[in-house]
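Report on the following structure.
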Amino acid sequence: MRVILESKVRAKPNLPIEAEAIIPRNFLKGTDLLVYEGNKERTLSELFWIFVEGTAVSPENIEVILKGDTSRIKRVGEYMDTGSIVIEGDIGMHCGNFMSGGTIEIRGNADSWLGREMRGGTILCRGNASHYCATGYRGEKKGMQGGKVEVFGSTGDFCAEYLAGGTVHIHGSAGDFPGVEMRGGELIIEGDATRPCGNMKSGSCVILGTVHDMLPTFEKTRQRVLPEWKITADVYKGDVANRGKGTLCVRS
Amino acid sequence: MIIHDVICPFCGCLCDDLELECEGGKIIKVQNGCALAESTFMTDTRLPAPIRRTESGWEEISYNEAIKETAEILQGADRPLLYGWSSTHGEAQSVGVHIAELIGAVIDNTSTVCHGPSILAIQEVGHPGCTLGQVKNRADVIIYWGCNPIEAHPRHMSRYTTYATGFFVPDAQRERTVIVVDTRRTDTAGIADEFVQIEHGGDYAVLSALRAIVRGKASVIPAKVAGVSKEQLIRIAEICKTAKFGAIFFGLGLTMSRGKYKNIRNAIELTDELNRHTKFVISPLRGHGNVYGSNEVFTWMTGYPFAVDFARGIAFYNPGETTAVDILRRGECDAALIVASDPGANFPRAAAAHLAKIPTVVIDPHVNATTALARIHIPCTAAGIDAAGTAYRMDGVPIRLKKVIDRGYPDDAEILKKIYDRLNGGKGP
């Protein structure tokens with residue numbers, strides 16, 4: 001089954017919409033869902049043109065497609081466990097929060113907190129992701145714990161903060177402090193990064209581009225050939241400020 | 001008439017030993033205060049009555065009319081923002097939180113542009129702090145990091161640190177070692193025993209290096225970290241480790257530079273590391289007189305210290321998403337109520353520009369830069385001058401602000417209560 005949601009033109013287009021109701025499982029029972037626009041509750045049909053094609057008996061066969069101006073829609077795919085969501089343009093904050101299964105594909109850019117506290121499943125972002133991509137909530141000890149986030153563009157600051165499990169793959173560059181407070185999982189940055197892995201405890205990070213302002217508290221141990229990336233990398237252990245046992249590989 | 005033990009409401013020090021001489025409802029002399037205190041008590045740029053912007057300029061309106069229009073603006077909004085709160089007393093702040101909950105607004109205080117990052121760091125790793133009295137009586141090593149108390153908190157050093165005689169530090173000036181860390185040689189750096197000049201944005205690296213050195217991992221550290229020599233870092237670490245009682249004070253040089261809350265987190269974790277050797281504490285130097293109080297009031301009422309979003313009826317907190325600057329910059333909010341602060345002067349241009357586009361109401365004793373962006377300005381009492389109330393000092397000690405004179409203005413808590421009543425169909429908070 002395909003559910004196509006095309007955003008309607010709004011009087012105040014900057015108002016954020018909180019739409020954690022948009023997950024494939026919810027469309028099994030119909031499209032009578034509630035979302036918030038600013039401090040007002042709205043039905044899905046007040047904000048979207050809804051088209052349903054075919055039927056489904058189980059949620060894994062449901063595909064939700066978002067069209068139009070979706071850049072201010074927050075929490076799409078929150079607690080999603082199966083099925084798929086395709087966003088044809090940009091998406092707002094907190095897309096794929098706490099996601100445990102299924103696939104989200106964003107053809108445009110993603111706003112901050114993409115895949116926050118994700119447990120499983122896959123997020124593909126064809127454009128750029130903003131700050132706090134694949135991280136946790138404020139003050140939380142664990143960020144993303146499983147699954148895969150792949151960003152084909154670049155990310156903002158604090159990408160993969162508190163990463164505890166799963167894989168984060170950035171094809172472009174990351175901003176300031178990628179992998180800060182990392183305690184597990186795998187972070188791959190194909191482009192450049194600034195001050196990577198500050199205060200990391202565990203986990204591994206590979207950076208293929210240039211590292212700016214490398215932190216002084218990483219201990220260079222040896223060189224290693226990384227066949228999957230066809231490079232020779234310097235292997236650092238750290239963060240020694242923190243008794244950390246993480247691995248940071250930077251192209252030699 | 002001379003009034004003793006007056007509390008100065010200007011900065012987070014809340015000095016409580018001022019003497020004011022009043023005559024005929026006017027303050028004519030301020031004693032014991034710093035230059036900032038004197039200016040706080042002596043200058044007054046209050047409007048005689050509320051004003052409303054018209055097409056041809058400003059017109060005076062009555063308080064009732066101003067309150068009615070403010071309530072209408074807030075009632076009709078889809079994403080109202082209530083911002084400020086840090087220069088007024090806790091009584092007004094609590095009414096503000098009630099209004100936010102009632103109308104589904106976002107309420108934020110000035111921490112968002114000053115020590116918000118400190119709060120984020122404290123939420124991650126805790127706060128090893130103490131009251132200023134402890135510092136005064138015990139601390140023999142003082143570190144000022146990214147702050148300039150001589151200009152911003154002029155009496156901090158004479159009341160609590162460098163020049164204050166303490167019970168266990170009787171000869172303060174000789175017994176206390178002062179370390180100043182900054183990107184430039186400030187006035188405070190001039191009186192430091194050790195001045196550490198770091199490159200812009202190098203705080204995080206220097207703090208990490210110090211942590212490693214304190215842990216005995218000096219061998220990893222390169223010869224220079226962000227412009228600071230390894231020798232100096234080792235010397236500083238040694239001074240800290242051999243201290244009887246150390247206190248770190250930090251300012252916006254640490255919270256608002258590159259890395260933000262990660263800088264503070266690193267400083268807290270350095271304090272944590274030093275506590276394996278001696279007693280060390282860390283505290284932010286708070287700016288506005290009652291900004292700590294706004295964090296306290298917000299926390300006991302909503303569970304969060306700033307940037308609380310009530311849009312869905314329950315409190316949601318996520319700095320970066322629900323902070324005033326971000327909401328304004330993204331053009332989300334469609335009405336704003338600014339109380340006891342001046343975002344027009346302190347916010348980034350894009351954020352301030354949005355305030356001018358939407359109906360903005362200012363409730364503040366003084367005309368300020370935000371008035372120029374506002375639709376309505378309602379003058380009120382100034383907490384600590386012509387209104388009494390509770391304020392919290394920068395170390396979390398509540399102090400009762402005194403009412404020293406009467407100028408006939410209504411208290412901002414009263415104005416806010418009337419707005420609440422109108423929004424709630426006549427029922428008070």
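The values are calculated or read from the model by the stated rules, or taken from the named source; none is laboratory data. For clarity, every value in this text was computed on a predicted model and none was experimentally measured. Counting neighbours? That spans all protein chains shown, and the Cβs are built from the backbone with ideal geometry, glycine included.
Observations on the structure shown:
- Of all the listed residues (A:Tyr162, A:Tyr137, A:Tyr132), the sole one being within 14 Å of chain B (Cβ to nearest Cβ), surrounded by fewer than 24 Cβ atoms within 10 Å (Cβ to Cβ) and more than 13 Å from A:Leu248 (Cβ to Cβ) is A:Tyr137.
- Neighbours by Cβ (under 7 Å, 6+ apart or cross-chain): first from the stretch B:134-150, assigned by TED's automatic domain parsing to the domain that holds B:Thr183; second among the basic types (Lys, Arg): B:Ala139/B:Arg176; B:Asp140/B:Arg176; B:Asp140/B:Lys244; B:Ile142/B:Arg176
- Residue that is nearest to the other protein chains (Cβ to nearest Cβ), among those in the stretch A:14-46 that are among the charged types (D, E, K, R) and assigned to a helix (DSSP H, G or I): A:Glu46
- Tallying residues that are of a type in the set (A, V, I, L, M, F, W, C) and more than 16 Å from A:His169 (Cα to Cα) within the stretch A:92-131 yields 4.
- Among the residues of the stretch B:236-248, those that are among the charged types (D, E, K, R) and touching a Ser or Thr at 6+ places or on another chain (Cβ under 9 Å) comprise B:Lys241, B:Lys244.
- Tallying residues that are of a type in the set (S, T, N, Q) and under 18 Å from A:Gly89 (Cα atoms) within the stretch A:123-147 yields 2.
- Restricting B:Thr40, B:Thr54 to those that are out of contact with any Asp or Glu (no Cβ under 9 Å at 6 or more places or on another chain) and surrounded by 12 or more Cβ atoms within 10 Å (Cβ to Cβ) reduces the list to B:Thr40.
- Residue match in the stretch A:147-157 (condition: touching a strand residue (DSSP E or B) at 6+ places or on another chain (Cβ under 7 Å), away from every other protein chain (no Cβ under 14 Å), among the basic types (Lys, Arg) and surrounded by fewer than 24 Cβ atoms within 10 Å (Cβ to Cβ)): yes
- The residues listed here are A:Met99, A:Met1; of these, the one that is more than 12 Å from chain B (Cβ to nearest Cβ), surrounded by 16 or more Cβ atoms within 10 Å (Cβ to Cβ), in contact with a helix residue (DSSP H, G or I) (Cβ under 7 Å, 6 or more places away or on another chain) and not aromatic (Phe, Trp, Tyr) is A:Met1.
- Looking only at residues in the stretch B:287-339 that are within 12 Å of chain A (Cβ to nearest Cβ), of a type in the set (Phe, Trp, Tyr) and within 22 Å of B:Ala121 (Cβ to Cβ), the one that is surrounded by the fewest Cβ atoms within 10 Å (Cβ to Cβ) is B:Phe316.
- Of all residues in the stretch B:45-57, none are under 23 Å from the mean Cα position of the chain (by Cα) and free of Cβ contacts under 8 Å to residues at least 60 places away in the same chain.
- Residues in the stretch B:203-224 that are within 7 Å of another protein chain (Cβ to nearest Cβ), without any contact (Cβ under 8 Å) to a residue 24 or more places away in the chain and not in a loop (DSSP other than H, G, I, E, B): B:Ala205, B:Ala212, B:Val220.
- Scanning the stretch B:36-54 finds one or more residues that are modelled with pLDDT of 95 or more and of a type in the set (Lys, Arg).
- Per-region count, the stretch A:201-236, residues under 27 Å from B:Ser229 (Cα atoms) and touching a Gly at 6+ places or on another chain (Cβ under 7 Å): 5
- Residues located in the stretch B:386-410, provided they are among the hydroxyl-bearing types (Ser, Thr, Tyr) and free of Cβ contacts under 8 Å to residues at least 60 places away in the same chain: none
- Residues that are more than 13 Å from chain B (Cβ to nearest Cβ), assigned to a loop (DSSP other than H, G, I, E, B) and out of contact with any Pro (no Cβ under 8 Å at 6 or more places or on another chain), drawn from the stretch A:47-77: A:Gly54, A:Thr55, A:Ala56, A:Val57, A:Ser58, A:Gly68, A:Thr70, A:Val76, A:Gly77
- Restricting attention to the stretch A:170-189 and to residues that are over 16 Å from A:Gly156 (Cβ atoms) and surrounded by fewer than 24 Cβ atoms within 10 Å (Cβ to Cβ), the residue that is nearest to the other protein chains (Cβ to nearest Cβ) turns out to be A:Arg183.
- Only one of the listed residues (B:Val196, B:Val169, B:Val135, B:Val180) is in a loop (DSSP other than H, G, I, E, B) and crowded, with 18+ Cβ neighbours inside 10 Å. That residue is B:Val169.
- Scanning the stretch A:119-161 for residues that are under 14 Å from A:Glu186 (Cβ atoms), out of contact with any Phe, Trp or Tyr (no Cβ under 7 Å at 6 or more places or on another chain) and in a loop (DSSP other than H, G, I, E, B) gives A:Ala134, A:Met144, A:Gln145, A:Gly146, A:Gly147, A:Cys159, A:Ala160.
- Just one of (1) in contact (Cβ under 8 Å) with a residue 40 or more places away in the chain; (2) closer than 30 Å to A:Phe158 by Cα; (3) in a helix (DSSP H, G or I) fails for B:Cys240. It is (2).
- Residue in the stretch A:78-91 that is within 14 Å of chain B (Cβ to nearest Cβ) and at positive phi present: no
- Scanning the stretch B:373-411 for residues that are of a type in the set (S, T, N, Q) and touching a Phe, Trp or Tyr at 6+ places or on another chain (Cβ under 8 Å) gives a single hit, B:Thr381.
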